[in-house]
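Peer 1: I am attaching a structure below and will ask some questions about it afterwards.
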Amino acid sequence: MEQTREYRPEKISAVSAFSEKLSNAKSVFLTDYSGLSVADISELRKKFRENQTEYFVVKNTLARLGAKDAGKDGILPYLEGPIAVAISYEDPASPARVLMDFKKTHPKPDVKACLIEDDVYPGSEAEDIAKWASREELLAKVVGSLNAPITGLVMTLSGIQRKLLYALNAVADKKDDQ
């Protein structure tokens with residue numbers, strides 16, 4: 001007969017909260033924070049907050065249970081050793097940009113894996129993900145693309161008016177000369 005383990009209520013609520021975060025996240029980055037000082041982690045957390053990203057340490061057992069509850073089984077193999085999680089609810093590439101910027105001056109944290117929507121990528125992909133355009137950049141490109149034909153039409157029409165004005169001025173100059 002198999003015995004099931006009874007979890008404490010605070011552990012159950014922590015698993016439930018983590019599961020909900022995973023379900024609502026646009027992206028999740030699993031990092032190995034070992035080797036970072038408390039000051040470094042505080043600095044990194046501040047940078048994440050400035051970019052609307054949560055960054056926190058999670059216990060592997062609770063993370064595994066939460067990932068299973070959220071249906072994010074793809075990250076289970078990466079939940080080994082010390083794990084800190086960066087979660088973004090808006091821009092999926094934001095955590096990658098913060099991590100790659102931070103790694104310019106610090107050797108850690110190492111990215112173990114990335115979960116974007118329901119796709120799991122190895123940590124080595126984080127550098128490429130950091131190069132993705134932000135939502136604002138993409139919207140600006142769309143607006144620019146929509147605006148280009150209108151701008152071209154305005155320039156064409158103003159060119160026609162300009163040529164008509166030159167022709168009228170030439171006729172007036174010719175009549176003045178006679």
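The values are calculated or read from the model by the stated rules, or taken from the named source; none is laboratory data. Quantities reported herein were computed from a predicted structural model and do not represent experimental measurements. Glycine gets a Cβ as well: all are built from the backbone with ideal geometry, and neighbour counts include every protein chain shown.
Peer 1: Which of the numbered conditions does Ile87 fail, given that it passes all the others? Conditions: (1) of a type in the set (A, V, I, L, M, F, W, C); (2) touching a Phe, Trp or Tyr at 6+ places or on another chain (Cβ under 7 Å); (3) at pLDDT 90 or above.
Peer 2: Among (1) of a type in the set (A, V, I, L, M, F, W, C); (2) touching a Phe, Trp or Tyr at 6+ places or on another chain (Cβ under 7 Å); (3) at pLDDT 90 or above, Ile87 violates only (2).
Peer 1: Lys108 versus (1) touching a Gly at 6+ places or on another chain (Cβ under 6 Å); (2) assigned to a helix (DSSP H, G or I): which is the lone unmet condition?
Peer 2: Exception for Lys108: condition (2).
Peer 1: Same structure, new question: So if I check each of Asn147, Asn169, which one is over 30 Å from Lys47 (Cα atoms) and either touching a strand residue (DSSP E or B) at 6+ places or on another chain (Cβ under 9 Å) or at pLDDT 80 or above (or both)?
Peer 2: Answer to the selection: Asn169.
Peer 1: Then there is this: Any idea which residue in region 29-68 is surrounded by the most Cβ atoms within 10 Å (Cβ to Cβ), counting only those that are in contact with a strand residue (DSSP E or B) (Cβ under 7 Å, 6 or more places away or on another chain), charged (D, E, K, R) and touching a residue at least 12 places away in the same chain (Cβ under 8 Å)?
Peer 2: Here the residue is Asp32.
Peer 1: So which residues in region 1-29 are at pLDDT 90 or above and out of contact with any Leu (no Cβ under 7 Å at 6 or more places or on another chain), if there are any at all?
Peer 2: Once the filter is applied, which keeps residues that are at pLDDT 90 or above and out of contact with any Leu (no Cβ under 7 Å at 6 or more places or on another chain), region 1-29 yields nothing.
Peer 1: Here are the criteria: (1) at negative phi; (2) under 18 Å from the mean Cα position of the chain (by Cα). Tell me which single one Val57 does not satisfy.
Peer 2: Of (1) at negative phi; (2) under 18 Å from the mean Cα position of the chain (by Cα), only one is false for Val57: (2).
Peer 1: Every residue in region 111-133 that is out of contact with any strand residue (DSSP E or B) (no Cβ under 7 Å at 6 or more places or on another chain) and assigned to a helix (DSSP H, G or I), please.
Peer 2: Passing the criteria: Ser124, Glu127, Asp128, Ala130.
Peer 1: Right, something else. Being within 30 Å of Val58 (Cβ to Cβ), surrounded by fewer than 19 Cβ atoms within 10 Å (Cβ to Cβ), at pLDDT 80 or above and within 16 Å of the chain's Cα centre (by Cα) is the requirement here; does Glu80 meet it? Steps first, answer last, please.
Peer 2: On the way: within 30 Å of Val58 (Cβ to Cβ): yes; surrounded by fewer than 19 Cβ atoms within 10 Å (Cβ to Cβ): yes; at pLDDT 80 or above: yes; within 16 Å of the chain's Cα centre (by Cα): no.
Judged against the criteria, Glu80 is not a match.
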